[in-house]
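One structure is given below, encoded as structure tokens.
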Amino acid sequence: MARHRRQWGKEQVTFDPVHYLALLERKPGAFDYARPLAEWDLPEAFAVLRRRFEAAWGRTGVRHYIQVLRLLEKASLGDLTAAVERALAIGATTADAVRVLLEHRREAPVPLFRLDGRPHLAGVSVPRPDLSAYHALRTGGVP
């Protein structure tokens, strides 16, 4: 279900372009004629990405481009723009590549585990694992 701010004026029409992308993904031929997208002002990197997708994929390039735009359903325009710019920089030509770059930007680095302040862990030793069962599986034998 979509949520919109109420418009109190007469004969006002407002569109949220993101709400129409799922439909346009099924009918990408209508993308250039969709009224909800007519005044959507996206950063220039998106136009460059679309041209690259169309050069790489032909007619299905628009569908890939719409898949990138659908990432706005869960990401901010700023984050997606940064991912698109990174995709352009590395020559990525799929929506999945842009999605991975977007997810990578969101990931927080795992802090290094240190033993400082944990003297009780200094004496703990973990025995080396017995990999004979794994080796038997790899060779088709029974452990």
key: the chain: angle of helix 61-70 to the longest principal axis, Cα-based, in degrees nearest 10   = 80
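What 222 nm value per residue comes from the helices of the chain, counting each DSSP H run with n ≥ 4 as -39,500 (n - 2.57) and dividing by all residues, nearest 500 deg cm²/dmol?
Numbers: 6 runs with 64 residues, N = 143.
For the chain, the value works out to -13500 deg cm²/dmol.
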ask   = Quick one: if you take sqrt(5λ) for each eigenvalue of the C-alpha gyration tensor of the chain, what semi-axes come out, biggest first, whole angstrom?
value = 46, 23, 16
remark   = Simple spin-label estimate for residue 108/residue 56, 7 Å along Cα→Cβ, in nm, reads 3.2
ask   = Could you give the angle, 0 to 90 degrees to the nearest 10, between helix 44-57's Cα long axis and the longest principal axis of the Cα atoms of the chain?
value = 80
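Which of the GluC sites (Glu not before Pro) found in the stretch 69-126 are in a DSSP loop and have at most 14 neighbouring Cβ atoms, other than their own, within 10 Å?
On the way: sites: 73, 85, 103, 107; in loops: 107.
Sparse-neighbourhood loop GluC sites (Glu not before Pro): 107.
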Distance between modelled label sites at residue 19 and residue 48, nm, 7 Å Cα→Cβ extension = 3.3
task = Note down the nm distance, to one decimal, between modelled labels 7 Å out along Cα→Cβ at residue 138 and at residue 115.
result = 2.9
message = Cut-off is 10 Å between beta-carbons; in what order do 138, 70 appear when sorted fewest neighbours first?
response = 138, 70
message = Using each residue's phi in the stretch 117-132, evaluate 6.51 cos²θ - 1.76 cosθ + 1.60 at θ = phi - 60° and report the 3J(HN,Hα) Karplus result to the nearest Hz, with x for Gly and Pro.
response = x, 10, x, 5, 8, 4, x, 6, 10, 10, x, 5, x, 8, 9, 5
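Any read-out appearing in this document is the output of simple, stated calculations on the displayed coordinates, not a laboratory observation. What you see is a predicted model, and the numbers here were worked out from it, not measured in a lab. Every residue, glycine as well, gets a Cβ built from its backbone with ideal geometry; the counts of neighbours run over all protein chains shown.
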